[in-house]
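Coordinate-derived values only; no laboratory data. Just so it is clear, the structure is predicted and the values come from calculations on it, not from any experiment. Backbone-built Cβ (ideal geometry, glycine too); neighbour counts: all protein chains shown.
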Amino acid sequence: MADETLGDALPPPVPSETMRRRLATRRSAPAQSLASPGPKDAELDEILTLGARTPDHGKLFPWRFVILSPEARARIGAALTPLAGRQPDPAKAAKTLMKLTAPPVTVLVISTPVIDHKVPVWEQQLSAGAVCMNLEHAANAFGYHASWITDWYSYDPEAAAMFGVGDDEQVAGFIHLGTPAEAPLERPRPDVAALTSRLD
């Protein structure tokens, strides 16, 4: 029996050197280095649409987006400053707020799992993580750099509430978008062979 929720057949994958190069050179930019230009509203709409094309067992869409304006981030950043003082390293916690306020565009991805569903919460959370990664790729397709981070204010309940994160929700990531003054430097990469096994 056909799944009536499915639409038309999609075209097959097409080999793409551009996509291979993107994956081979993917690198997050430091959030505090991101400056204008960032995505315009129409570009951001498409970036979100592309980002939402993610694996999603059960078609639950267990995540949502919050676009944080520079003004909202500055306001929340100021409100977070006193909370930084109760973190294990207050000076470092206060300094990380620059990551929140510096970029021109920020999208907060919130994981919104459906509790007591046949699809495990873990799989729903993985879908939210996949959305974050898709947003990075989509932003790059428009010529922008991205930084996917969380930081302490994602896990502090009082801080998370300032962003409108509900009791049954979690921050999947702050996706900061913009243009760095300098190209990000490469970082050490894993030895894939050492991390790969085969089961015959």
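Explain nothing, just the number: relative contact order of the chain, from Cα pairs under 8 Å at least 6 residues apart, as a whole percent.
Details: 276 pairs, mean separation 62.3, N = 200.
Contact order relative to length: 31 percent.
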**Prompt:** What angle, in degrees between 0 and 90 and rounded to the nearest 10, separates the Cα long axis of helix 41-51 from the longest principal axis of the Cα atoms of the chain?
**Reply:** 50 degrees
**Request:** Quick one: among 138, 24, 172, which has the greatest mean-square fluctuation in a GNM of the chain with alpha-carbon springs under 10 angstrom?
**Result:** 24
**Whole-Hz couplings from phi, Karplus 6.51/-1.76/1.60, listed for the range 28-39; x for Gly and Pro** = 5, 8, x, 4, 5, 8, 7, 9, 5, x, x, x
**Request:** Please give the contour-minus-distance gain from residue 186 to residue 41: 0.36 nm per residue of separation, less the Cα-Cα distance, rounded to one decimal in nm.
**Result:** 49.2 nm
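Say a site is exposed when it is one of the GluC sites (Glu not before Pro), sits in a DSSP loop, and has at most 12 other Cβ atoms within 10 Å; what is then the longest site-free stretch of the chain? Could the numbers behind the result be given before it?
Working: sites that count: 4, 182, 186.
Between the exposed loop sites, the longest stretch runs 5-181.
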**Asked** By the gyration tensor of its Cα atoms, with a ≥ b ≥ c the square roots of the eigenvalues, what is the shape of the range 35-80: rounded for a/c under 1.5, prolate for a/b over b/c, or oblate?
**Response** oblate
**Message:** From the phi angles alone, apply the Karplus equation (6.51, -1.76, 1.60; θ = phi - 60°) to the range 178-190 and give each ³J(HN,Hα) in whole Hz, x where the residue is Gly or Pro.
**Reply:** x, 10, x, 5, 10, 5, x, 8, 5, 10, x, 10, x
**Request:** First check a/c for the range 45-118, with a ≥ b ≥ c the square roots of the eigenvalues of its C-alpha gyration tensor; if it is under 1.5, answer rounded, and if not, answer prolate when a/b is larger than b/c or oblate otherwise.
**Result:** oblate
**Asked** Under the Karplus relation 6.51 cos²θ - 1.76 cosθ + 1.60, θ = phi - 60°, what is the ordered set of whole-Hz ³J(HN,Hα) values for the range 75-91, x standing for Gly and Pro?
**Response** 5, 5, x, 5, 6, 7, 4, x, 5, 4, x, 9, 7, x, 10, x, 5
**Fill in**
Which of 116, 167, 56 fluctuates most in a GNM of the chain (C-alpha springs under 10 Å)? That residue is 116
**Message:** Taking the Cα centre as origin and putting +1 on Lys and Arg beta-carbons and -1 on Asp and Glu beta-carbons, what dipole magnitude results for the range 157-197, to the nearest 20 debye?
**Reply:** 280 debye
**Prompt:** Taking the Cα atoms only, what angle lies between the long axis of helix 121-141 and the longest principal axis of the chain, rounded to 10 degrees?
**Reply:** 80 degrees
**Request:** Go through 125, 100, 111 and say which Cα lies farthest out towards the positive end of the charge dipole of the chain; charges sit on Cβ, +1 for Lys and Arg, -1 for Asp and Glu.
**Result:** 100
**Prompt:** What does the charge dipole of the range 36-159 about its Cα centre add up to, to the nearest 20 debye, if the Cβ of each Lys and Arg holds +1 and the Cβ of each Asp and Glu holds -1?
**Reply:** 200 debye
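Can you bin the range 69-200 into rounded, prolate or oblate? Criterion: square roots of the alpha carbon gyration tensor eigenvalues sorted a ≥ b ≥ c, rounded for a/c under 1.5, prolate for a/b above b/c, oblate for the rest. Walk me through the intermediate numbers first.
Numbers: a/c = 1.65, a/b = 1.21, b/c = 1.37.
It comes out oblate by the Cα gyration axes.
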**Message:** Using amide H atoms built in the peptide plane, which far-off residues or other-chain residues are under 5 Å from residue 60 H to H?
**Reply:** none
**Message:** Over the chain, with a Gaussian network built from C-alpha contacts below 10 Å, which listed residue (107, 14, 121) shows the highest mean-square fluctuation?
**Reply:** 14
**Dipole of the range 1-149 [Lys/Arg +1, Asp/Glu -1 at C-beta], most positive-end residue of 33, 141, 49** = 33
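Just in the range 90-132: which trypsin sites (Lys or Arg not before Pro) are loop by DSSP and have at most 12 other Cβ atoms within 10 Å?
Those satisfying the criteria are 118.
Treating only the Cβ atoms of Lys and Arg (+1) and Asp and Glu (-1) as charged, compute the dipole magnitude of the range 90-188 about its Cα centre; round to the nearest 20 debye.
Working: 5 positive and 11 negative charges, 68 e Å.
With only Lys, Arg, Asp and Glu charged at Cβ, the dipole is about 320 debye.
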